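The values are calculated or read from the model by the stated rules, or taken from the named source; none is laboratory data. These numbers were taken from a predicted model, which means no experiment stands behind them. Neighbour counts are summed over all protein chains in view; Cβ atoms, including those assigned to glycine, are modelled from backbone coordinates with ideal geometry.
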Amino acid sequence: MIYLEECQQREMAAMARRAETIDINHPEAQDWLQAESRRQFLGRGMKSALGLAAMSALGKSASAGPGRQLYPGSHFPGKAKHVIYLHMLGGPSQLDLYDYKPNLHEWYDKDLPETVRKGQRLTTMTSGQARFPIAPTKYKFAQHGKSGMWVTELLPQTAKMVDDMCFIRSMHTEAINHEPAITNMQTGNQVTGRPCIGAWTSYGLGTLNQNLPTFVVMVAQPSNTEQIQAISARLWQAGYLPGQHAATSFRSTGDPILFINNPRGVPSHVRRSTLDGLRALNEMTYKTVGDDETNTRIEQYELAYRMQSSVPELTDLKSEPDDTYKLYGEEARKPGTFAYTTLMARRMVERGVRFVQVYLNNWDTHSNVSGRLPMQCKDVDQACYGLIQDLKRRGLFESTLIIWGGEFGRTVYSQGGLTKENYGRDHHPRCFTMWMAGGGTKGGAIYGETDDFSYNIVKDPCHIHDFHATVLHLLGFDHERLTYRHQGLDFRLTGVESAKAIKELIA
């Protein structure tokens, strides 16, 4: 009974904190607040408390341990409950995929005008070139859907669903090299050590399940491995947030999670007894030291134990019918492929995983665009189409935000040799294209414009901080108020500079 009262007090305190953070002037909060009576508020609090007590009796991680901060909750009803973020590592070429510039064919092999470049920063890979010859895309484009979005011939399946997607053609960043650019895209800062957007989501909203992680990362294997970028686990760490908000990495081959199975000769009751002993020792440590990360360790041990039964069921695709593979393509049967990871992402969302991040490498096309880009597009085209259609038919599309994009774009001028059939493109942070779908986004929206060379933005720029603010808005957060106190400062994903959620992308 004492534990029940403690749970009740914690839950009511958390709900009161959440109520204090609600912006009553926000239009999306009005309906919710009008329907909220005191009786409903207290009634839900009692039900939550009873639920927490019941989970505790079942041995589940019911709530925060002693001293651990409860997740703050959303500021208003969010449209998205889950996120599937497909990061194209290396920087896809907007010129060859989505940002069609038909007049560039007249500029073939002519130098990029200085009035366009304006002395802007270049990487060391092309800064020493004697000239900057313009390389028009070799691929055909066509308009699709009611939106009239231009899409390359390399993405025929994606072209079918442009009215379900919203496109940002004016993304830009200050970072010009991969490591700071990827870090910036994922954490809102070029300096490593900050929480990524998945960790912020976990911290803000908490978990939707008890037997799988809140935040999962998978690294897919591209068909072409000509130029693989380095990728490190610090991209999905929790930074200064509590450790439980870091991602769990699922491997593409072998056991999906290391040491998920009991060692040979160790039965389950021995593992359970061992964990009980470790829990007792960790609780003694917490009482002595008072470090909240001790509670994180306890909870992660318990989650790992529960995952011994949930992960094998999750990764067993034998139950998937043949029509699933008609959607995603036969590559989805092969562990490690991008199609396989997107199918796994759907299965995770279905089971309550809050945030799924998938990385696909080999988009760094400094050379041999014609040899590599078709393979990259083939990897993602059918898989992305299948993912969106699968979420729609399962009733998960409206509550799941899908994000696709890299850390920057590519240059209009060629790096190295240039022919009409082949060319290379250097890094270009000044403008690039990303898309989102589901989760409350406005299907068919096209935001932002670039100049005739896809070099500078001429209308509606979207900085990375604006992108992050938009994602947080879809999840139910005012980006300026989702903060975490660290070293005496209130940190946030969007930093201290001006940022805004882009209303034109929100349904």
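Rundown of residues vs (1) in contact with a strand residue (DSSP E or B) (Cβ under 7 Å, 6 or more places away or on another chain); (2) under 27 Å from residue 461 (Cα atoms), yes/no style:
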| position | (1), (2) |
| --- | --- |
| 181 | no, yes |
| 199 | yes, yes |
| 225 | no, no |
| 234 | no, no |
| 275 | no, no |
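Results for (1) of a type outside the set (Lys, Arg); (2) outside the structural domain of residue 213 (by TED's automatic domain parsing); (3) closer than 27 Å to residue 196 by Cβ; (4) surrounded by 15 or more Cβ atoms within 10 Å (Cβ to Cβ), shown as yes or no for each residue.
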{"residue": "302", "(1), (2), (3), (4)": "yes, yes, yes, yes"}
{"residue": "329", "(1), (2), (3), (4)": "yes, no, no, yes"}
{"residue": "343", "(1), (2), (3), (4)": "yes, no, yes, yes"}
{"residue": "352", "(1), (2), (3), (4)": "yes, no, yes, yes"}
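Applying the criterion of being touching a strand residue (DSSP E or B) at 6+ places or on another chain (Cβ under 6 Å) and aliphatic (A, V, I, L, M) to the residues of region 444-472, the residue that is farthest from residue 173 (Cα to Cα) is 445. Surrounded by fewer than 23 Cβ atoms within 10 Å (Cβ to Cβ) and among the aliphatic types (A, V, I, L, M): does that describe residue 116? The answer is yes for residue 116. In the condition set (1) more than 16 Å from the chain's Cα centre (by Cα); (2) β-branched (Val, Ile, Thr); (3) assigned to a strand (DSSP E or B), residue 402 is compliant with all but (1). Among the residues of region 206-248, the one identified as out of contact with any Gly (no Cβ under 7 Å at 6 or more places or on another chain), of a type in the set (A, V, I, L, M, F, W, C), surrounded by 21 or more Cβ atoms within 10 Å (Cβ to Cβ) and part of a helix (DSSP H, G or I) is 235. In the set (1) under 24 Å from the mean Cα position of the chain (by Cα); (2) in the same structural domain as residue 223 (by TED's automatic domain parsing); (3) hydrophobic (A, V, I, L, M, F, W, C), the condition left unmet by residue 76 is number (2). One residue is enough: does region 378-395 have a residue meeting the conditions in a loop (DSSP other than H, G, I, E, B), over 16 Å from the mean Cα position of the chain (by Cα) and modelled with pLDDT of 95 or more? Yes: one or more hits.
Residues in region 304-323 that are among the small types (Gly, Ala, Ser) and surrounded by 15 or more Cβ atoms within 10 Å (Cβ to Cβ): 304, 310. Scanning region 275-296 for residues that are free of Cβ contacts under 8 Å to residues at least 12 places away in the same chain and either assigned by TED's automatic domain parsing to the domain that holds residue 213 or touching a helix residue (DSSP H, G or I) at 6+ places or on another chain (Cβ under 6 Å) (or both) turns up just one, 285.
Tell me whether region 333-340 contains one or more residues that are part of a loop (DSSP other than H, G, I, E, B) and of a type in the set (Ser, Thr, Tyr). Scanning region 333-340, I find at least one residue that is part of a loop (DSSP other than H, G, I, E, B) and of a type in the set (Ser, Thr, Tyr), so the answer is yes.
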